[in-house]
Amino acid sequence: MTKLFQPLTIKDVTMRNRIAVSPMCQYSSNDGMPNDWHLVHLGSRAVGGAGLVVVEATAVSPEGRISPADSGIYTDDHVEPFAKIARFLEGHGAVAGIQLAHAGRKASVRKPWEGDNSIDSDQGGWDTIAPSAIAFGENIPKVPCEMSVDDIKRVQSHFVDSAKRALAAGFRFLEIHFAHGYLAHEFYSPLSNKRDDEYGGSFENRIRFLTETFAAVREVWPAHLPLAARLSVTDWVEGGVTIEESIELTKRLKSAGLDMLDVSHGFVIPGVDAVPWSPGMMLPHADQIGREAEILTTTSWLITKPQQAEDAIASGQVDMVMLAREILRDPYWPYHAAKELAVPTASEILPVQYARAAK
Ligand SMILES: CCCCN1C=C(C(N)=O)CCC1
């Protein structure tokens with residue numbers, strides 16, 4: 001029996017299959033607001049058969065956006081526009097998810113296709129914040145302001161308020177962005193966190209922002225709905241976060257109510273040559289963390305082929321795959337995968353309006 005098309009139930013939420021659309025920045029919002037682009041971009045992938053569609057990194061405050069065009073849910077006015085999207089996704093058989101984020105020292109940059117570099121304050125940019133006043137470097141030379149404990153508490157309250165808005169908008173899967181060199185990862189990694197207070201130095205201190213933020217969001221996100229976290233489980237370099245630390249952190253988060261770990265990697269400093277780019281490169285990490293922390297896992301990273309995805313699920317390496325660029329290329333990947341894997345109900349994946357198109 002094909003495992004990729006078996007439903008997955010997390011708490012009270014059942015996804016029709018093990019295929020998720022990874023949260024992927026679109027840099028197409030105005031003041032954080034979703035629009036027709038997001039409805040079509042995300043809606044078409046629900047129509048294409050994904051079990052879970054996760055809205056891109058959505059900032060918990062304006063200064064938490066990567067670019068001025070990033071998605072955001074930092075006012076109550078954002079709720080209804082997102083509710084329209086969540087309704088469409090849910091109405092077409094996908095679970096609606098959203099990722100909450102703060103970009104930290106990697107904020108205030110141009111869209112990738114406009115340079116991906118820091119925007120000065122007199123060009124529409126803003127002052128950035130981070131655990132330490134250390135710039136990311138290369139195309140992001142802007143030196144962030146070191147956060148005070150009051151700043152930390154304020155940003156954590158923004159995550160809580162944004163989680164409440166995501167709930168109000170009808171999302172049923174919530175992911176907190178702890179990866180890719182953004183704010184939480186900047187606290188976690190010794191490469192970016194040089195603090196000497198209770199938020200820096202030891203492992204206990206470096207994970208404090210993450211565990212406090214997670215606990216505060218868990219408190220307002222209903223216990224019957226899945227709460228996930230995307231974590232860079234390794235920085236790939238000496239002196240960065242390690243898989244061993246990440247297993248311990250995952251155990252702590254699980255004790256605090258984490259339902260699924262979205263395993264990712266890197267991006268806290270530029271110029272890391274040691275990344276072992278290869279198909280399914282994070283599956284072994286996900287397998288190890290899932291088994292040692294006894295937690296559901298998912299991952300992205302060069303998962304492109306149906307049999308590859310099927311093997312990842314069937315072998316127990318992950319419980320769900322998060323497709324990224326591959327499902328940008330093909331919104332109907334789930335349908336095409338079902339055909340390739342000879343799933344008997346493949347033709348039912350397409351919506352009724354397309355029934356005559358099913359082969
Ligand atoms: C290819 C993903 C790794 C780097 N990036 C991560 C992003 C993210 N939102 O996590 C957006 C920019 C690219």
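The values are calculated or read from the model by the stated rules, or taken from the named source; none is laboratory data. Please read all numbers here as calculations on a predicted model, not as lab measurements. In this analysis, Cβ positions are derived from the backbone assuming ideal geometry, glycine residues included, and neighbour counts consider all displayed protein chains. Surface areas here come from the heavy atoms of the whole protein model, side chains and all, with no ligands, DNA or RNA. Shrake-Rupley method; radii C 1.70, N 1.55, O 1.52, S 1.80 Å.
Points to keep in mind about this one:
- Accessible area per residue in Å² at 1.4 Å probe, computed on segment 190-342: 39 Å²
- When you restrict to C-alpha pairs under 8 Å that are six or more residues apart and normalise by the size of segment 170-242, the relative contact order lands at 41 percent.
- Relative contact order computed over the chain (Cα-Cα under 8 Å; 6+ residues apart), in percent: 17 percent
- About its Cα centre, the dipole of segment 1-137 is roughly 840 debye, where the only charges are +1 on Lys and Arg Cβ and -1 on Asp and Glu Cβ.
- The magnitude of the dipole of the chain, with charges of +1 and -1 set on the Cβ of Lys/Arg and Asp/Glu and taken from the Cα centre, is near 1180 debye.
- Per the Kirkwood formula applied to alpha carbons, the chain shows a radius of gyration over Rh ratio, Rg over Rh, of 0.95.
- Mean Cβ neighbour count within 10 Å, used as a protection proxy, ranking 201-213, 10-22, 344-356, 138-150 highest first: 10-22, 201-213, 138-150, 344-356
- Semi-axis lengths, Å, segment 255-304, gyration tensor of Cα atoms, sqrt of 5 times eigenvalues: 22, 14, 9
- Rolling a 1.4 Å probe over the protein heavy atoms gives segment 6-159 an accessible area of 36 Å² per residue.
- Accessible area of segment 3-358 belonging to carbon and sulfur atoms, whole % at 1.4 Å probe: 52 percent
- Applying a threshold of 28 Å to the alpha-carbon distances of LYS305/LYS359; LYS251/LYS305; LYS84/LYS111; LYS106/LYS164; LYS142/LYS164; LYS11/LYS251 flags LYS251/LYS305; LYS142/LYS164 as lying beyond it.
- Under the Karplus curve 6.51 cos²θ - 1.76 cosθ + 1.60, θ = phi - 60°, whole-Hz ³J(HN,Hα) for segment 299-309, x wherever Gly or Pro sits: 7, 10, 6, 6, 9, 10, 9, x, 5, 4, 5
- Note, ³J(HN,Hα) from phi for segment 80-93, Karplus 6.51, -1.76, 1.60, rounded to Hz, x at Gly and Pro: 5, x, 6, 4, 4, 6, 4, 4, 5, 4, 5, x, 10, x
- Set the Cα radius of gyration of segment 149-298 against 2.2 N^0.38 Å, with N its number of residues, and you get 1.02.
- Taking amide H as placed 1.01 Å from N in the peptide plane, MET33 has its amide H under 5 Å from the amide H of GLY72, each at least 5 places away in sequence or on another chain.
- Share, in percent, of DSSP beta bridges within the chain that are antiparallel, nearest 5: 15 percent
- Normalised per residue, the volume of the convex hull around the Cα set of segment 70-204 (Å³): 131 Å³
- Working note: Karplus 6.51/-1.76/1.60 with θ = phi - 60° gives segment 133-142 the couplings 7, 10, 6, 4, x, 6, 6, 10, x, 4 Hz, where Gly and Pro are set to x.
- P(r) tail fraction, segment 1-101 - alpha-carbon pairs more than 20 Å apart, %: 36 percent
- Rg and Dmax of segment 32-82, Cα atoms only, in Å: 11.7, 35
- FRET efficiency estimate (nearest 0.05) - Cβ-Cβ, SER255 to THR345, R0 30 angstrom: 0.20
- Built amide H within the under 5 Å cut-off of CYS145, gap 5+: THR128, ILE129, ALA130
- Taking amide H as placed 1.01 Å from N in the peptide plane, ILE10 has its amide H under 5 Å from the amide H of MET15, each at least 5 places away in sequence or on another chain.
- Over segment 1-129, Cα pairs under 8 Å with separation of 6+ residues give a relative contact order of 25 percent.
- Extension gain (nm, one decimal) between ILE243 and ALA358, 0.36 nm per residue minus Cα-Cα: 37.0 nm
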